[in-house]
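Have a look at the structure below, then the notes.
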Amino acid sequence: MQKRAIPFDPSPFGPDREKLQWKSLIVLASAHLVTDAYNNFLPPLMPLLIQKFNLTLTLAGFLVTIRAIASFFTQPAVGYISDRTGMRLFVLLGPLVTGIFISLLGIAPSYWFLALCIILGGIGNSALHPQGAAMIGDIGNRRAGFSMSVWQIGGTLGMALGPLIVTLVVSIFGLRGTVYTIVLGVIITVFLFRFLSESPSRKELSNAYSLRKNLFPRIGSLAVLWVLVVIRGATGMSFMNFLSVLLTQKGRSLLTAGLGVSMYSGGGALGAFIGGTLSDYVGRKKVMLASFLLSPIVLFIFLKSHGILSLGFLVTGGIFMWSTTPVIIVAAQEIAPENRTLISSMMMGVGWGVGAVLVTVTGLLGDTIGLEKALQWILILPLIGVALIALGVKDRREWGNSP
């Protein structure tokens with residue numbers, strides 16, 4: 001069985017640039033920004049929540065795990081329904097539901113109420129991602145890497161701004177002030193209502209849906225990409241969620257720790273744009289190899305360095321760590337373009353979810369051998385990914401005509 005070759009045009013700003021639906025791209029990226037900003041409120045609040053509820057690092061890591069389960073493992077169901085029905089309700093409601101429940105974190109009266117808010121907020125987060133990423137794949141045309149990088153910039157900027165927003169609010173109003181952040185979800189939902197009424201549905205854009213026909217022959221290539229998502233998720237999210245704890249353990253203030261998380265995430269936003277756009281020129285595989293090889297090296301240097309210099313390594317590590325986020329998603333969508341939403345949900349949902357579950361292991365290691373040493377050990381995972389990429393990943397130039 002022959003797969004249809006996908007034409008390769010290396011320029012994201014070439015003669016077909018008018019085919020990019022810029023308004024749709026910007027609004028979707030903005031929704032991604034707001035939703036992921038909410039989703040990253042937890043890390044900078046972690047020191048306060050640990051103190052408030054007297055938590056061990058294992059229990060703190062468990063909060064990250066249940067957020068991941070709610071945010072990620074429900075995405076395949078969303079993707080399956082979206083591919084079959086073209087429903088856009090998920091995109092519309094995602095930021096609002098997330099905003100409502102995440103804004104309640106500061107007033108949670110107990111650990112289990114806190115966990116419930118995280119779960120419900122995570123479900124809202126999962127509603128946006130697979131359908132939004134599929135819409136990005138549709139509107140991007142041959143600028144898929146560039147368009148996905150813009151989408152990912154929205155999310156990564158949200159992850160960068162989230163800690164700054166919530167630490168600023170808490171610094172002014174106290175922990176209970178998180179309830180005021182609900183306004184962000186309301187505003188972006190208004191824009192989405194207007195945007196969605198003008199956009200074609202996924203049902204109109206999708207091809208005939210058949211798991212057996214479209215996915216099963218390509219399961220090996222997709223499995224390799226999925227493992228890479230797990231590796232990157234476990235490593236990147238361990239640093240994301242325990243960075244503020246590590247910095248406060250080293251005597252930094254909560255505001256400084258929140259700034260550190262934002263700098264790491266901001267580097268990730270830049271990396272996502274560079275990685276996605278560059279992959280349109282040089283191919284997906286080369287970008288993946290560079291990311292998985294260089295990110296553990298730079299982050300290890302960060303852990304061993306001090307002062308302002310260490311912040312430079314932190315930002316650079318974020319650039320390399322998250323540069324493959326749009327690249328892997330686009331590579332997977334190119335393998336199975338008929339099932340963009342389901343594929344996106346498997347990569348962003350289940351893949352990220354399994355990676356996030358492993359954050360609990362990082363917390364357990366931190367309780368046993370110390371947090372800094374635990375983060376050093378987790379950096380081995382991307383080096384395993386280098387071997388997988390070298391042996392198991394093909395660029396679209398290679399697999400476009402292969403059986």
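So in the stretch 40-54, with the set limited to residues that are touching a helix residue (DSSP H, G or I) at 6+ places or on another chain (Cβ under 7 Å) and assigned to a loop (DSSP other than H, G, I, E, B), which one is modelled with the lowest pLDDT? Ranking the qualifying residues of the stretch 40-54, first place goes to 40. Applying a threshold of 7 Å to beta carbon distances and a minimum spacing of six or more residues, or different chains, the list of pairs starting in the stretch 51-72 at a residue that is over 15 Å from residue 116 (Cβ atoms) and ending at one that is of a type in the set (Asp, Glu) and surrounded by fewer than 17 Cβ atoms within 10 Å (Cβ to Cβ) reads 56/367; 57/367; 58/367. Condition first: buried (at least 24 other Cβ atoms within 10 Å of the Cβ), at pLDDT 80 or above, outside any helix (DSSP H, G or I) and out of contact with any Leu (no Cβ under 7 Å at 6 or more places or on another chain). Can you find one or more residues in the stretch 87-105 that meet it? Yes. Pairs linking a residue in the stretch 26-40 that is without any contact (Cβ under 8 Å) to a residue 24 or more places away in the chain to a residue that is assigned to a helix (DSSP H, G or I) and not basic (Lys, Arg), with Cβ atoms under 6 Å and 6 or more positions apart or on different chains, do not occur. Among the residues examined, residue 386 does not qualify as part of a helix (DSSP H, G or I) and at pLDDT below 90. Residue 73 meets the conditions (1) of a type outside the set (S, T, N, Q); (2) more than 30 Å from residue 367 (Cα to Cα); (3) at pLDDT below 85 in every case but one. The failed one is (2).
Looking at 297, 319, 343, 329, just one residue is over 19 Å from the mean Cα position of the chain (by Cα), in a helix (DSSP H, G or I) and not acidic (Asp, Glu), and that residue is 297.
Annotation note: Cβ proximity below 6 Å between a residue of the stretch 98-116 that is closer than 19 Å to residue 62 by Cβ and a residue that is surrounded by 24 or more Cβ atoms within 10 Å (Cβ to Cβ) and of a type in the set (Gly, Ala, Ser) (sequence gap 6+ or interchain) occurs for 101/121; 102/121.
Find all pairs meeting these conditions: Cβ atoms under 7 angstrom apart; at least six residues apart or on different chains; first residue within the stretch 147-163 and in contact (Cβ under 8 Å) with a residue 40 or more places away in the chain; second residue in a helix (DSSP H, G or I) and aromatic (Phe, Trp, Tyr). From residues that are in contact (Cβ under 8 Å) with a residue 40 or more places away in the chain, the pairs are 149/273; 153/273; 156/322; 162/38. When we screen 292, 300, 313 for residues that are modelled with pLDDT of 90 or more, out of contact with any Cys (no Cβ under 9 Å at 6 or more places or on another chain), more than 19 Å from residue 36 (Cα to Cα) and buried (at least 21 other Cβ atoms within 10 Å of the Cβ), the only hit is 292.
The values are calculated or read from the model by the stated rules, or taken from the named source; none is laboratory data. Owing to the predicted nature of the structure, the values given are computational and were not obtained by experimental measurement. Cβ atoms come from the backbone with ideal geometry, glycine included; neighbour counts cover every protein chain shown.
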